[in-house]
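Enquirer: This is the structure, below, for whatever I ask next.
Nothing in this text is a laboratory measurement; each read-out follows from the coordinates by a stated rule. Predicted model only: the values in this text are computed from it and were never measured. Here Cβ is always computed from backbone atoms with ideal geometry, including for glycine, and neighbour counts include all displayed protein chains.
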Amino acid sequence: MTARLIAFNAEFALYEVWAAWVGIDFWANSHAVWAMVLFGECVSTTGTLLQNELILNIEDTTWGLHAAYMTFLAYPQVNRMWFFGGFATHMFVSHLPKRFGLMCSSGRSGKDEGLFTLKPLYISEKPNFGIAIRKCPFEEKAWVIPMMIGQGYMTAWMYYCINKP
């Protein structure tokens, strides 16, 4: 939960840099990028608290829509459109089908659990709050590892572009 609370705040800063990189005001109501990020963060936090795969996949869909919207807002800056368009394409063509496929095949959860199964972090009879450490599926690693490594470099490069003399 600590990581989720940190991410809730940090991702606003990340997406604010992304908006500045395309030359828009993140907080302007005319674009409402902040509202999309707030929605995504609320869905992410809810999915984490309730430990529900469907909610977490809705979160990933929100980030795919965000990337598609940023592609539109980046027009006519071709390199920025390629960045966001490539990310949105990856989300809708590769990542989301794998995530939804994993969820529907019961690859992550047990076979006796359905799409609407909740395992809230805050309700448990076990002293570890019911958090089971389990093997991470390849589909998850294939998404998380490149994003965590790449985001630092991409954001630093964007920040450099925004502030170069």
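Enquirer: Neighbouring Cβ atoms within 10 Å as the yardstick, rank Val43, Val78 fewest first.
Expert: Taking fewest neighbouring Cβ atoms as first place, the list is Val78, Val43.
Enquirer: According to a simple spin-label model (label point 7 Å from Cα along Cα-to-Cβ), what is the distance in nm between Tyr75 and Leu96?
Expert: So the label points at Leu96 and Tyr75 sit 2.0 nm apart.
Enquirer: Out of the chymotrypsin sites (Phe, Trp or Tyr not before Pro) in the range 19-105, which ones are loop residues according to DSSP with at most 15 other C-beta atoms within 10 Å?
Expert: Trp27
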